[in-house]
1. Does segment 214-241 hold any residues that are closer than 20 Å to residue 315 by Cβ and in contact with a helix residue (DSSP H, G or I) (Cβ under 7 Å, 6 or more places away or on another chain), and which are they?
2. Does segment 173-184 contain any residue that is closer than 26 Å to residue 325 by Cβ, at pLDDT 85 or above and either over 30 Å from the mean Cα position of the chain (by Cα) or not hydroxyl-bearing (Ser, Thr, Tyr) (or both)?
3. Of the residues that make up segment 192-202, is at least one in a loop (DSSP other than H, G, I, E, B) and within 30 Å of residue 178 (Cα to Cα)?
4. Could you run through segment 170-191 and say how many residues are free of Cβ contacts under 8 Å to residues at least 60 places away in the same chain and either under 14 Å from residue 259 (Cα atoms) or outside any helix (DSSP H, G or I) (or both)?
5. Considering 198, 263, 211, 241, which residue is under 30 Å from the mean Cα position of the chain (by Cα) and free of Cβ contacts under 8 Å to residues at least 60 places away in the same chain?
6. So, residue 102, is that one closer than 14 Å to residue 338 by Cα and either at pLDDT 80 or above or out of contact with any helix residue (DSSP H, G or I) (no Cβ under 9 Å at 6 or more places or on another chain) (or both) or not?
7. Answer yes or no: is there a residue in segment 85-100 that is at positive phi and exposed (fewer than 13 other Cβ atoms within 10 Å of the Cβ).
Amino acid sequence: MGSVAESVSPNIQKKKARTFDTLKRVLKYSGVRLLSLFITVVVGVYLTILIANMGGYVDQMMKAEIQERITMQVGRSDAYKNMDPATRNELAQEMIQNEIERLNLDQPMLLRSVRFLRNALTLNLGRAMNMTSDSGSRNVRAIILERIPYTLLLMGTANFILFFTTLFLALALSRHYGSLWDKIIIGMSPTSSAPSWLYGIFLILIFAAVLKILPFGGVIDAPVPKDFLGRSLSVLRHLILPASSLIISQFFYSIYNWRTFFLIYSSEDYVEMAKAKGLPSRDIERRYILRPTLPTIITAFALLLIGTWTGAIITETVFQWPGLGRVTFRAIGLYDTPVIVGTTIIYAYLLAITVFLLDIVYALVDPRVKIGGGGEPKK
């Protein structure tokens, strides 16, 4: 009994040591990975701040706009008409200086950009310069949160339909390599070179202008239907054209891309061996084609989820869809740096979190992948 206990004890100790070593390796890898992703986010957001500010040019534009606005305000106000011109001009300059100091435009651009970066990283997005939400608020967070549901509705619907439809159609098409449908898909794939907004214009001309069966744009009818079912059907009618334009613009290319990807794995030796053994085609697809490609499918799906939050800038503008894409388009046109940085920081955080989680998911779905390396190779 003593010899058995002595032989078991070292095995338990070795198992505990391996578990501790694995945990330590995972924690070390996670810490390094999070740090590297955070540095990437910081650099990306800071570059966005510099670009959105155009190297200080936007600050000069804002100062000129403040000076013009306050000067006109003082000149048109009845309260200042009877003042001496010199006194009125002195008062206007004082008001201009106070407004510049309130917006911190009197400080060096480098200092302001660093402060802006710190606030952005802590999601303290501040107030917009020119834009307002539908409720009249200038709070950047309120502007973004107000538009997110519309973007998720449009992009989520279009992306999910596009992803799962093209994935299963490509898998079915890979079984019939060289068939008529296969040639049709290959021939139609160049149509995806046209952007979604171009298809959107054609869809508007056909279904809204000519056939008059779908609305030109917007998100709901005016006046707004009173009952829930009526509102839902109205939103659905307005959703058809923008979602269809997004789907059509990527449909054939996505099928062609996945079809080529599945064909590469279908030609592997182990797949040919499974076919020679007489395994059913469904089992071969599930075990020998889909399983090895699962990490790539998961990556594509994760990036799709990120893209769902960003919106489609020009497509939303064409259809007057009140999502984040249209907000970003307006913010760029108005040089509204806080709104541009706000949408960028949300996208950057989502991308960093997704990339970090993907590393863990890879290790779960693919036993060949080990987090933080695999340690010493077995001899």
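The values are calculated or read from the model by the stated rules, or taken from the named source; none is laboratory data. Nothing here was measured: the structure is a model prediction, and the numbers come from that model. Positions of Cβ are generated from backbone atoms using ideal geometry, with glycine treated the same way; all protein chains shown enter the neighbour counts.
1. Listed by number, the residues that qualify are 214, 215, 216, 218, 219, 220, 239, 241.
2. no
3. yes
4. Number satisfying all stated conditions: 8.
5. 198
6. The answer is no for residue 102.
7. no
Each row is one residue, and each column tells you yes or no for (1) crowded, with 18+ Cβ neighbours inside 10 Å; (2) not polar (S, T, N, Q).
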{"position": "177", "(1), (2)": "no, yes"}
{"position": "190", "(1), (2)": "no, yes"}
{"position": "196", "(1), (2)": "yes, no"}
{"position": "204", "(1), (2)": "yes, yes"}
{"position": "209", "(1), (2)": "no, yes"}
{"position": "212", "(1), (2)": "no, yes"}
